[in-house]
Each structure stands twice: as C-alpha cells, then as structure tokens.
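The values are calculated or read from the model by the stated rules, or taken from the named source; none is laboratory data. All values derive from a computational prediction rather than experimental measurement. In this analysis, Cβ positions are derived from the backbone assuming ideal geometry, glycine residues included, and neighbour counts consider all displayed protein chains.
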Amino acid sequence: MEVTLLIQATDDSFRILEDARNQAKGLLDSARILEDAREQAKGLLDSARILEDAREQAKGLLDSTVGVTSETRQMEKQKIQTIFQGVQETKSGFQNFIVTFSLLFVFWILLSGKFDMFHLTIGVICSIVVAHLTHDLLFANVRVGDTMVIVRRFIIYIPWLIYQIIRANIYVACLALSPKMPIDPHVLRFRTKLESDISWVTLANSITLTPRTITMDIKDGEFFVHALDKRVADDLHAGEMEDRVAHIFMEADHIYIQDALDVARIYVELRKWV
Amino acid sequence: MIRSSEDIIIRTVSRVLVPFIQLFALYVIAHGHYSPGGGFQGGVILGASLVLLLITYGPKETRRHISEKSVTVFSSLGVLIYSGIGVICLLLLGNYLDYGKLSGILHVAPAEARALGILGIEIGVGFTVMAIMFSIFFDISSGGKPPEDEKE
Amino acid sequence: MIDFIVSKYNYWIYIILMMIGFYAMIGKRNLIKKIIGMNIFQTAVILFYVSIGCKKGGTLPILEHAHGHAGQVIQASSYINPLPHVLMLTAIVVMVSTLGVAIAIVIMIYLKYNTLEEDEILKAIK
Amino acid sequence: MRILNLIVVVITGAILIYGTMDMPGWGNPGSPASLHVSPRYITKTLEETATPNMVTSVLADYRAYDTLGETVVIFTAGMACILLLRKRRNGHD
Amino acid sequence: MIPAFDFVILIFVVICAIAAITVKDLLSAVMILGAYSFFMCLMWAEMGAVDVAFTEASVSAGIGTVLLIAAVYRTTRRSRD
Amino acid sequence: MIEQAPVLIVVIPLIFAFITPLIGWGKKELCYPWIILALTLSTFCSVITLLTVINTGVIHYHLGGWLPPWGIEYVVDYLSAFVLVIVSFISLTVAVYSKKSVEQELPEKITYFYTIFLLQITGFLGIVVTGDLFNLFVFLEIASLAGYALIAVGEEGAPMASFRYVIMGTIGASFYLLGVGYLYMATGSLNMADLASLLPDLYGSRVVLVAFTFLIVGVAIKMALFPLHGWLPDAYEKAPSSVSALLAPLMTKVAAYVMIRIMFTVFRPYFSIEVFPITTTLSWIAAAAILYGALMALAQTDLKKMLVYILISEVGYLVLGIGLANKNGLTGTILHILNDAFMMVALFMIVGAIVYRCGTREISQFRNLHRKMPFTMAAFVIVGLSVVGIPPTCGFFSKWYLILGAIDASQWVLAGVLMLSSLLNAILFFRVIEYAYIEPRNEHDSGGESLVVTSEEAPLSMLIPIISVTAGVVLLGLVSGRIISTVIQFAVPACF
C-alpha cells in the first residue's frame, strides 16, 4: 500500500516535472521568437536611419542643383531678418504704385510715340490716375515688396518662352508633315507646386501659347492639359517651365515673407507680454 | 445674373488687363487730334473695362472701384464739362461753343485754343460715355432686381 | 447695264440690308428679333452715308505731315470727305442709345409677362 | 399679315432702287457731296483748328453742337435705363 | 479700295444679316449680329472711314453685343421665329 | 445778352437737366422747383426771342462762330419763334401740373422722371429752333428717347405700347435720316437755307424725289398721321397722366412744324404742289384721318382713349391745312398749332385730375362729377366747346380758316368733312357732359346719396394750370385776330 502510494506520488511528481519542463521549453521558445523580433526591429531602425541619411543627402543634392531658387531664398532671408529685427511696416503699397505707374507709362510711350512736352505731361497724368485706381488690381496676390524683382524676372522669362514656342512649332510641323502622322492626343492631369493664382495663370497661358499643348482647366492647383503626343507629356512632367514660373514669382521651396510678416506681428505681441 | 466668375484664368487675366485697357482708353481720348478716336470711343473702352470688372468680380467688388453714386456724378459731370465750356465761351462774349474766344484766357493763338477746347470736350464726352455705358449694362444685367439680391 | 450695276454695288447691298432689317422690324414676332432687325436697319443707313463719303483716289481723312510741311497746299481731292463720317459717329451713338432703351423696355416686359413673343404678350394684356 | 409686311418692305426697296438710278457713281470725286461744303473742312482744318484729324475737328468744332446733342442722347438713354429698371435699395435712395 | 475684297465682305455681311434674323436660338442670333457688325466695321475701315469703323467696333460689336447678351441671359434664349 | 437768347432757350433746360440727378441725390423735393425754374427761364428767353423777331426780323445765330454752310446755324423766324413760345409755355404749365400726379404714380422715381421730363422738353425746343437738317435729327432722337422712357413707366401694358413706339419711332427717324442723306448726296449741304437755294436746279432728279418722300414719311410716322398712327393710341393712353399731357399736345405739333419746314422752306412750295404733287394726296389722307379719329372716338367708353382718338383727328386738321397749300389753309394750320396745343393740354390735364381724384376713366362712372369737381368740369365744358368749334372760343377760328382754305382750293368735300367732324365732336362731348352733369332721375334712393357728395376738387397745383389754360382757350379766341396780324401772316411762306 505504502509502496503503491509512493510510486503514485513519484509518478505524479515526474509528470509535474515533465509539465514544468515543457512549459519552460515553450517559454524559452517564445523568448527566442521575441529575440528574433527584436533583431528584426533593430534592422528596421537601421534601415530607417539609412533612409534618413539618404533623404538628407537628396535634399542637399536638390539644393545644390536647383540653384535658381537660392537667390530668392537669400533675399527672403534678408528681408525676414529685417522684418523681425526692426518689426517695421514695409512700404508695399507705394512700391506697387510706382511699379504700376512705370509699366503704364512705358506702355503709353509705346502707344503714343510723341515726345513733346504736352503729350508726355498728359501721359504722366493718365498713368498716375490709372495707376492710382488699379495698382491693387495688377499686383493683388503678390507678396510684399517683390514687384520690382518679379517684373525683371518676367521680362527675362519672355525670350525663353519665345524660344520654346519656336521649338514646339518646328516639332509640330514635323509631326504634321511626317507621312504617318504619329499623333497620340491625350489629357494630362497633374498637380502643380505653384501656389498663387497669378503663377497658375502664367503657367497655364505659357502652356497654351506653346503649340501642341492646351490648358483646359485649373481646379485647386490641378491642371488639365490636352497634349498632342507622349513626348510632350514627358516634357511637361520634367517641369522646367514650372520651375521657371516658380522662379519668377518666388514660389515653392522657400519661406513666405507674408507668413513672416504675420508671425512678426505675433512675435511683437509676445515680446510685449514677456 | 452677375456674380463673380469662378474661373481662375478669367479672373486673373482680367485683373492684369484692366489697367492697360484703361490706359489705352485714355490714350484714345488724348490722341483724337492725330489718330482715329476721340472722346466717344475712349469712353466706350473705359466703360468696357468696367464691364469686364463687373462680370468677373461681381457687383460688390466693382462697387469698391466705382460706386453707383459716382456713376451718376460722372455722367452729369461729363456733360457739364461740355456745356460748361460752351457757357465760358458765352461769358467771353463769343457765341455758344466758340472756342476761339478761349484764347483770351489761355494766352495762345485762336487755332491752338480751338484744339484745347476740342480736348476739353472730348474729356467731357469720355466721362459721360464711360459712366453711362457702365450704368446701362449694370441696369440691364441686374434686370430690375435690387442689388442686394445679386450679392449672393 | 452691267457697268451700271457694278459701279453702284455698295448701294444695292445697302438696299438689301435695309430691306432685311425693315422686314425683321415689322414682320418678326419676337421682341429681341425686332431689336436685331432695328440694329441691321440702322447699320444699313450708316453704310449708305459712308458710301457717300467715299472718294476714289482719296486717303484717310487725317492730314499727313501735320507739322513738317506747313507751307504745302492741301488738295481737297486727295482726302476722303469727312462730313458723312462725323454724321455717322453721331448716328452710331444714337443707335446704341436706342438699343439700350429698347432692351430695358424688353426686360420690363419680360418681368411682367414672362415671354418675348408679341402675340402672347398682347393676349396677356387683353 | 406677313404678306402685307413683305409688300411694304418691297415697296420701300423699290422706291430706294428707283432713287439709286440717278445717283452719282460710287466714289466719284466730282459728286456734289465732295465739292460743296466738305473741301473747306479738308483744306482749312490745320489752319483754323490746329487738328490734323479732320473727323475730330469737324465733330468737335465745326459741328460741336451736334456732338453736344449726341452726348445728351447718351445721357438720356442712361437716365432712361435707370428710370425703367433700377429699384431703390431698401431704405435709402 | 480693292473691289474684290470689298465685294466678298459685302456678300458676307448680307449672309450674316439673313442668318441673324432667321436663326431660332436668340443667343446665336446675337452672336451672329456681333459678327455682322464686325464685318461691317472691317468694310468701313477698308473704305477709309477709320473713325466710324473704330466706333462701330467698340460700340456695336462690343458694347451692343454685350448688352444684347445680357438681355438674352436675363430673359430667355428661345424664340418661335 | 439778348442776342444770345436763341441758344439759351435750349441750353438752360439742358444744363438744369444735367444737375437734376445730383440734386435728387441730396433732396428729392427740390427737383420740382428746380425744373420749374429752368422752364420759367426758358419761357422768358423764348418770349424775348419772339419780341425780338417781331421788332427786328429773322434772327440768325451761328453756333461756334462758324458761318452757315459749314457750322450749325439757328434760324428763328416768325414761325419758329411762335412755336417756341407755345412749346415752352405749354411745358411750363404741364410741369407745374405734374407735381401731385407724379407723387402719386411714381413715388420713388421722381428724380429721374424729372430729369427725362426736362430733356424731353429740350428735345422739342431744339427741334424747333434749329436751321440744320442733321441737328434736327439729333434733337428729334433726344425727344424720342425721352418719350419712350416716359411712356414705359405708365400703367399696366405701358411697356409693350412703348416698345411698339420704339420700333415705329426708329423706323420714322431712320427714314428721316435716309432722306437727309439723299439730300446731302444730291447737294452736299445740310443747312436748310443753303439747301433751299441749291435744290431748285435739281427738282427733276429722282434722288430728290426719293429724299422728299422719305422725309415726309418719316415725319408722318412721328406725327401719327392716319395710316401710320398705329403706335399712338396705346402709347398715349397708358402713359402717366402728366406725360400724356406733355406729349400729346407737343409731339404732334412739333412734327407738324417740321413738316411745314420741309415742305415750304427746304423745298420751294411749288415743288410739292406742282413738280411732285403730293399736297392733294396729303389733304385727302388728312380728311380720312379726321373722320377715322372722330368715328373711333365715338366707339370708346374710356375718356382718355377717346381723347387719344380726338388727337388723331386733330393731326388730320393740321395736315389738312398743309395739304391745302394756300394762304388761308396755312394760316389755319399755324393757328391750329397754337389752339390745339392749348385745347389738348387742357383736356389731358383734366383727365389726369379726374384720375387723380376718382381713380377711373370710364365715362359711365362720371355721375355727379360736376358736384365733386365743379371747376374741373366747367373747364372741361369750355374746352369741349372749343374743340367742337363754338365761336367765342379759339377752336372756332382755326377751323374757320381751314374751311376758308378748303373753299379757296375749291375742295368742297373737304369743307364738308370739316363740318361733319364738328358735328361728331359735338356728339362726343355732349355724351361726356351728359354723364357728368345730368343726374339720373329714376334713382331716388341713390339720389339722396348723390347729395352727400362733397366737393373734392383737384389739388391747387393741378387746378391752377387747368384754369389758366382754359382761360387761355377763351382769351386766344378773343385775340386771334391780333395774333394773325402780328405773327402768323408773316409766318406763312411768302409766296402764298
């Protein structure tokens, strides 16, 4: 009886031991799986760090390649500096007026072609009146203080556009004259990085002016362009024109002076509080 | 009928064009002596630029540039300039609209005085025509409804 | 005969235009059509006047070399007759004024009767 | 009714064609219109009004009163449109 | 003055006039009227009446057409004749 | 300043009209005295002009200092000075009268209404005073455009009536312009006196014949001569009452003046009598117009509509005198321009006053009107007698001269038509007077009510013009001999 009980107890303990060993084994297994997971996570983190590096490198690359906008940035930085240091009002309205006036007066001289005192006086008076009435129209959404630069850059932009138009003309002529007529019309749809309406319109009209492409519609920064064939579409996606327009209007990939102005106001408030 | 247009291209292009249209109109008025044109044509072009503003930006925005009251004032002012020049000639003991008599106060030769008189009345005509063309279009397009309803 | 017709072709065309406009004014039932006819009718009259002013061998009625050649004698036959042009400037102004008033009246009618057909309006008035 | 209108139109046209028979040829420099009054406008405009554009000088000087009338016509039309169509804005005039 | 050119424009003017009073859609009729005015002004410019042509271009083809279009939008496009 | 009076007649109301909208922005009530002031000054100038003409003869006024064939000329002779005084006086009367009725009918548009009202009068004055055919066209258009607008603000159906007037008026004006163009093409001149000296050599030319036809047809449309009168009844009936009181007497008279000018000044009288015999045709058309107008008036139950048809018949009288083309006939016409202007303005003002008080124009509802508005109805009776042609009133004298003219031309039928129309007019007016004065006998119950009717006379600003014009109707009859001997006998073209 006693022996039977003992044997039974031993059996039981053995079984329990066995169970415990099994459980320990399972725990060990799961621990190993966790270890693996940790390893993997570590790898992921590493790769993320590599990616980060790559992005940094890419950014640096972009900065160095898109040199056209750096001048803009430099200028804006200076301006923001002055805004934050002196927290002064810019004389934007007056400058707009002066630029509008000089544009209109040049237009007047082109129309008139008379250089006697009387007609020049009339021209000055008319230009002042019209500029006074409409300077807020001509440069409505343009950021503060940039009108001079914009006009200069726009004038530089025009020869390039003409060159593009001539090139596209020749291309279309070749297409139309070639016996197979390899045209493949389709509608492109792309989102632009430009932000203000005047730059949208400049881009849209430049696209329309160039033969083989026509802007059909703009909806919230999304362009619908009808193009004549595939190569044209690739040209557009490459986005040289877009970059140049952005350069004119000092947009994309830079800080807004307008924002700086807004922040400057808050900044002044804060300084009062502190 | 008139509310501001949604199309971004039309809005922007008209915004940029309006100053140049207006300057061209003034050029047409001022150079009526040497080239085709004169007060009437220039006034119509000025009126057309205002109509362009009206159909792209709607009545509310346009009223900021030229209000109904100033339209009435301008239309009266133009004809008053015209007939006023005539009355000045009367006061200078000439006949009505005899600009040659203006040489007495302008200190120029009679022929030059006539040219200046012509310029004066062209300006008057331009004012009136601008204001009236705009006002006719405004009335017709708002079509008998008070302007409040049109303001969306 | 052919020569006779060809030498006055402007006048024949103006008569045709005037008849078209006149017919639209009294024959058409739609008010806007009547206004369009009115416009054509008046334009035809203006065409007639401009044709009167025409002069073969004349140039635009703007003096050339206005300042340089003061002593030069100006030949009347070398410039087109300016008087009909002046009259027609006035007539064009009258035309557009009439157009404006007529359109204003048409809009009043439309607001009241909601139609532009003359017979329907007359029925509504009765 | 339509026939009647057509008849009126055709009669008018016929009268006009009848009148056209005696007209001087188109663009004839010897027609009375270019001989009687207008030569003075052409030859004297610079000397009398210092304005090379004859149309302007006739419009605004020789026949300035017509132009005043023309401006009044425009003014009348504008006032007429206001009278017919403009409603007062609520409250003030 | 080139008679052939003159003649072509005259024919065109007559066609436009007939079309303007026969088209049933009022908006089209008004647009054709604008074209009519424009051809008319072309012809006058060609006949030497530059001032009249300028006025016609700015008044009839410009403001007049705009006024008529405003009226058509204000009322209705349909017409029975 | 006296030598500037002819141009001041036109320029004063013009400048005042330009300032009226500006005054209206400030204070609406000032518009009324403002235009009264303008018209008083203008009337004063025109009276001065008439006196100057009587004393010194025809006035030539060169606008801009340019001599006639090149510049625009104002020619004021006896006829135009006479018509000027009529037009400015009548419009002054109507302006005084218009205060209450405009306040009632168009309360919120007073400013612009008065602006256009003044421009309308300016148009009439400009037509009368000018001596240049194209200038006449310009002022004709000013008057027409103002008229279209003023008619269109009337009662129900007025816009449509006005639209038909626009169409007809534009046809008329374009025909006139076409006629002027033909004359210009044939002669190269636009000045009336210059044309009169150039035209006699060209009377055989077809161009001149066509020009004459178009001028006459154009003016006849503006005048609403019988077959071309289609626009008139609706337009004048539906216009606001002060507008029909202004347009009905003046538009037709001014157009008649233009017709006399064209037929007997621009063209020599023998042209329309012998070379291109249109006068006989005109007189028969005029006779038809007289009968048509009177008969249509008989069929109306609405007083204003009846007056409109009487107006058509009065246009017939005017043209009849022109068509007779002899001294007595033309004297009759010119005298009738004066008399008829007074009679028509009185009648239309009376209708306006009745509408203002009673709100109805139906003749059958005029019972007891003589108790309600005694002075107005008395004026109506006097003017009615004048229209019929009872001796002491002025209507008799012009008809008398017309009949004399018809007898001189040995057109007995026309003389008969004139008599017949007097009879018809008598019936017309007696019908209205019967309703207004004779109380219904059989309604004893309502008879008591009729006694209660209190005197509700028209307001003083309406009553004074009505009574003064009515007094004028009688007075003109009494002094018509002097008017003829001082003015009209010189106004008739010299060759008769």
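Any chance you could count how many residues in region C:1-29 are buried (at least 24 other Cβ atoms within 10 Å of the Cβ) and touching an Asp or Glu at 6+ places or on another chain (Cβ under 9 Å)?
Residues that pass the stated criteria total 0.
Filtering region F:200-227 down to residues that are free of Cβ contacts under 8 Å to residues at least 24 places away in the same chain and at the interface with chain D (Cβ under 8 Å from one of its Cβ atoms), which residue is surrounded by the most Cβ atoms within 10 Å (Cβ to Cβ)?
F:SER205
So, in region F:343-386, exactly how many residues are assigned to a helix (DSSP H, G or I), farther than 21 Å from F:ALA95 by Cα and hydroxyl-bearing (Ser, Thr, Tyr)?
Residues flagged as assigned to a helix (DSSP H, G or I), farther than 21 Å from F:ALA95 by Cα and hydroxyl-bearing (Ser, Thr, Tyr) within region F:343-386 amount to 2.
So A:MET250 fits all but one of (1) in a helix (DSSP H, G or I); (2) modelled with pLDDT under 75; what number is the exception?
Exception for A:MET250: condition (1).
If we keep just the residues of region F:38-79 that are of a type outside the set (A, V, I, L, M, F, W, C), within 14 Å of chain B (Cβ to nearest Cβ) and in contact with a strand residue (DSSP E or B) (Cβ under 8 Å, 6 or more places away or on another chain), which is surrounded by the fewest Cβ atoms within 10 Å (Cβ to Cβ)? Lay out the reasoning, then the answer.
First, pick out the residues of region F:38-79 that are of a type outside the set (A, V, I, L, M, F, W, C): F:40, F:42-43, F:46, F:49, F:52, F:55-57, F:60-62, F:64-65, F:68-69, F:71, F:73-74, F:77-78.
Then drop every residue that is not within 14 Å of chain B (Cβ to nearest Cβ), which leaves F:60-62, F:64-65, F:68, F:71, F:73-74.
Checking which are in contact with a strand residue (DSSP E or B) (Cβ under 8 Å, 6 or more places away or on another chain) leaves us with F:60-62, F:68, F:71, F:73-74.
Working: F:HIS60: 14, F:TYR61: 19, F:HIS62: 17, F:PRO68: 19, F:GLY71: 22, F:GLU73: 22, F:TYR74: 24.
Filtering region F:38-79 for residues that are of a type outside the set (A, V, I, L, M, F, W, C), within 14 Å of chain B (Cβ to nearest Cβ) and in contact with a strand residue (DSSP E or B) (Cβ under 8 Å, 6 or more places away or on another chain), the one surrounded by the fewest Cβ atoms within 10 Å (Cβ to Cβ) comes out as F:HIS60.
Quick one: which helices (runs of 4 or more DSSP H) sit completely within region D:1-89 and have at least 1 residues that are within 11 Å of chain F (Cβ to nearest Cβ) and surrounded by fewer than 22 Cβ atoms within 10 Å (Cβ to Cβ)?
D:2-20, D:32-35, D:38-49
How about region C:10-126: which helices (runs of 4 or more DSSP H) wholly inside it have at least 3 residues that are modelled with pLDDT under 90 and more than 10 Å from chain D (Cβ to nearest Cβ)?
Ranges flagged: C:118-125.
Go through F:ILE23, F:ILE35 for me and flag whichever is under 28 Å from the mean Cα position of the chain (by Cα), crowded, with 17+ Cβ neighbours inside 10 Å and either under 16 Å from F:GLN4 (Cβ atoms) or in contact (Cβ under 8 Å) with a residue 12 or more places away in the chain (or both).
Sole residue among the options that is under 28 Å from the mean Cα position of the chain (by Cα), crowded, with 17+ Cβ neighbours inside 10 Å and either under 16 Å from F:GLN4 (Cβ atoms) or in contact (Cβ under 8 Å) with a residue 12 or more places away in the chain (or both): F:ILE35.
Taking the criterion of being touching a Cys at 6+ places or on another chain (Cβ under 9 Å), more than 9 Å from every other protein chain (Cβ to nearest Cβ) and either more than 25 Å from F:ILE260 (Cα to Cα) or basic (Lys, Arg) (or both), would at least one residue in region F:114-125 satisfy it? Working first, answer last.
Filtering region F:114-125 down to residues touching a Cys at 6+ places or on another chain (Cβ under 9 Å) leaves F:114-115.
Cutting the leftovers down to more than 9 Å from every other protein chain (Cβ to nearest Cβ) gives us F:114.
Then keep just the ones that are either more than 25 Å from F:ILE260 (Cα to Cα) or basic (Lys, Arg) (or both); that gives F:114.
So far as region F:114-125 goes, yes, one or more of its residues are touching a Cys at 6+ places or on another chain (Cβ under 9 Å), more than 9 Å from every other protein chain (Cβ to nearest Cβ) and either more than 25 Å from F:ILE260 (Cα to Cα) or basic (Lys, Arg) (or both).
Those residues that are more than 9 Å from chain B (Cβ to nearest Cβ), in contact (Cβ under 8 Å) with a residue 24 or more places away in the chain and over 34 Å from the mean Cα position of the chain (by Cα), I need them from region A:97-133; list them, please.
Matches in region A:97-133: A:ILE128 only.
Any residue at all in region A:196-210 that's free of Cβ contacts under 8 Å to residues at least 24 places away in the same chain, away from chain B (no Cβ under 11 Å), of a type in the set (Ser, Thr, Tyr) and at negative phi?
no
Can you confirm whether region E:14-35 contains a residue that is part of a loop (DSSP other than H, G, I, E, B) and within 11 Å of chain B (Cβ to nearest Cβ)?
First pass over region E:14-35, keeping only residues part of a loop (DSSP other than H, G, I, E, B): E:23-25.
Add one more test, that the residue is within 11 Å of chain B (Cβ to nearest Cβ), and what stays is none.
No: zero hits.
Which ones in region F:41-77 are aromatic (Phe, Trp, Tyr) and touching a Gly at 6+ places or on another chain (Cβ under 9 Å)?
Restricting attention to region F:41-77, the residues satisfying the condition of being aromatic (Phe, Trp, Tyr) are F:44, F:61, F:66, F:70, F:74.
Once the filter is applied, which keeps residues that are aromatic (Phe, Trp, Tyr) and touching a Gly at 6+ places or on another chain (Cβ under 9 Å), region F:41-77 yields F:TYR61, F:TYR74.
Can you tell me which residue among E:ASP51, E:ASP25, E:ASP6 is among the acidic types (Asp, Glu) and under 14 Å from C:ILE36 (Cα atoms)?
On the way: E:ASP51 fails: under 14 Å from C:ILE36 (Cα atoms); E:ASP6 fails: under 14 Å from C:ILE36 (Cα atoms).
The match here is E:ASP25.
List the residue pairs whose Cβ atoms are under 8 Å apart, where the first residue sits in region F:379-390 and is free of Cβ contacts under 8 Å to residues at least 12 places away in the same chain, the second is assigned to a helix (DSSP H, G or I) and aromatic (Phe, Trp, Tyr), and the two are 6 or more positions apart or on different chains.
F:ILE390/F:PHE396
State the number of residues belonging to region A:148-198 that are closer than 20 Å to A:GLU242 by Cβ, of a type in the set (Ser, Thr, Tyr) and part of a loop (DSSP other than H, G, I, E, B).
Residues meeting the conditions: 2.
For region F:179-193, which positions are facing chain D (nearest Cβ under 8 Å) and in a helix (DSSP H, G or I)?
F:TYR182, F:TYR184, F:MET185, F:ALA186, F:THR187
For region F:387-398, which residues satisfy the criterion of being touching a helix residue (DSSP H, G or I) at 6+ places or on another chain (Cβ under 6 Å), within 19 Å of F:ASN328 (Cα to Cα) and part of a helix (DSSP H, G or I)?
Within region F:387-398, F:CYS394, F:GLY395, F:PHE397, F:SER398 meet the criteria.
Which one of these is surrounded by fewer than 23 Cβ atoms within 10 Å (Cβ to Cβ) and either part of a helix (DSSP H, G or I) or touching a residue at least 40 places away in the same chain (Cβ under 8 Å) (or both): B:LEU46, B:LEU17, B:LEU26?
B:LEU17
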